[in-house]
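Take a look at the structure set out below.
Every number here is computed from the coordinates shown, using simple stated rules; none is lab data. Not measured: the values here are computed from a predicted model. We place every Cβ from the backbone using ideal geometry, glycine too, and count neighbours over all the protein chains shown.
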Amino acid sequence: MRGAVLYAPGDIRVDDRDDPTIVEPTDAVIRMAATCVCGSDLWPYRGIEEVNGPSPMGHEYVGVIEEVGSEVRNVKPGQFVVGSFFASDNTCEICRAGYQTSCVQRQPGAATGAQAQYCRIPLADGTLVATPDIPPADLVPSLLAASDVLGTGWFGAVAAEVGPGRTVAVVGDGAVGLLGVLAAKQLGAERIIAMSRHESRQKLALEFGATDIVTERGDDGVAKIKDLTDGLGAHSVIEAVGTQESMMQAIRSTRPGGHVGYVGVSHDVELPGQELFFSHVHLHGGPAPVRRFLPDLIDLIWNRTIDPGKVFDLTLPLDQAAEGYKAMDERRAIKTLLQP
Ligand SMILES: [Zn+2]
């Protein structure tokens, strides 16, 4: 099969690789219908995360099951499935509490790399959710978005306690931030302030339900949020970047008693204890338990209530993965869909 491999920062190639096979009796092998490049793939691509030798890439996937191991009961060959970036049994105490990304059996969801024609998925019964039928082609991008960025934006909104009557601010205008806006809208937020300096992203934020756009960032951005909220700050802030600046921007944009949902993968963030102490802000986040939300998100996509697939503004054949990474790295694309 063909699959994307990162050799060194900036050096992504699509190689001939071995077809994945069933290793554990709880595995499935899926034939990829679509896959994509994640904002978090850019950390090793940019050399901010270490690259330890050639690494198969990709953790977002939708596809059709080719084969299952002997102990798989809930899904079967021929079904179209959506999974997420961590595999989980969905039965342990942590999973049942809704934190499948901290499952006691947690392991990478796309064991052999999702930016490929086929992929081995561990713990298939707990990890994969089948759609009601083989989806029409125009729903595939949205189902793919559910695999990570939609589920992550959704968790950000839930962790930030978004709800009716709430004012929500979203820090970060990547795919996760934009889908955090969509989630906030669906969860009934009254006002949604998207923080973005890029016109195409502002436009999508407004389409997804943003009511205000703030172009300032850092302390200026915080001041703008305060201006818009009678000096109080937002009730709920979704942090979807993962840097020191974005995290402090999120905390300082939140009113006392309010909530930050942080879902940007944290890189070198250090929180000042005393400021946190006096802020009276709740912090919750981490790797989104996408599996918790998948059945509902698939429903919303299937009945065409939401169209999160709009975040894919570049579609390329898998063999052009290198250009897909480059376009996202240079912020020419919000998110690249790869056709295997
Ligand atoms: Zn579990």
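Tabulated results
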read-out	value
Taking THR101, THR21, THR131 and counting other C-beta atoms within 10 Å, the order from fewest to most	THR21, THR131, THR101
Enclosed volume per residue, in Å³, of the convex hull spanned by Cα atoms of the range 223-340	160
Hits among aspartates and glutamates - C-alpha to C-alpha of LYS335 under 16 Å, sequence gap 8 or more where chains match	ASP41, GLU60, ASP148, ASP173, GLU199, ASP307, ASP313, GLU323
Cα lying deepest toward the dipole's positive end in the chain, options GLY63, GLN249, GLY231, charges on Cβ	GLY231
Rotationally averaged projected area of the range 73-140 (alpha carbon convex hull; nm²)	5.1
Within the range 49-121: Cβ-based charge dipole about Cα centre, in debye rounded to nearest 20 (Lys, Arg +1; Asp, Glu -1)	240
Neighbourhood charge, 13 Å Cβ-Cβ cut-off, centred on GLU60 and excluding it, Lys, Arg +1 and Asp, Glu -1	-1
Whole-percent pair-distance distribution, where bins are 5 Å wide, for the alpha carbons of the range 190-250	4, 18, 29, 29, 17, 3
Kirkwood hydrodynamic radius over Cα pairs of the range 1-50, then Stokes diffusion coefficient at 37 °C and 0.692 mPa s, in µm²/s	254
Per-residue [θ]222 nm for the chain (sum of -39500 (n - 2.57) over DSSP H runs n ≥ 4, rounded to 500)	-8000 deg cm²/dmol
Ranked list, fewest to most other Cβ atoms within 10 Å of each Cβ, for LYS335, LYS310	LYS310, LYS335
Local electrostatic count at GLY39 - Lys and Arg +1, Asp and Glu -1, tallied over other residues with Cβ under 15 Å	-3
Exposure proxy ranking, count of Cβ atoms within 10 Å, fewest first, for THR35, THR167	THR167, THR35
Unit charges at the beta carbon, dipole of the chain: most positive-side option, PRO317, PRO141, THR305	THR305
Formal net charge of residues neighbouring VAL281 (Cβ-Cβ distance under 13 Å; K, R +1; D, E -1)	-1
Test item: Cα-centred dipole of the chain, Lys/Arg +1 and Asp/Glu -1 on Cβ, debye	620
Percent of Cα-Cα distances greater than 21 Å, calculated over the range 142-284	31
Three semi-axes of the equivalent ellipsoid, the range 28-121, Cα gyration tensor, whole Å, largest first	24, 18, 11
Pairwise centroid distance, computed over Cα atoms, of the range 175-248 with the range 1-79, Å	32
Using alpha-carbon coordinates, inclination of helix 175-186 to the longest axis of the chain, degrees	70
Principal axis dimensions, the range 118-223 - Cα atoms, whole angstrom, descending	47, 27, 23
All-pairs alpha carbon distance profile, the chain, 20 Å steps from 0, percent	33, 58, 9, 0
Relative contact order, percent, the chain [alpha-carbon distance under 8 Å, six or more residues apart]	19
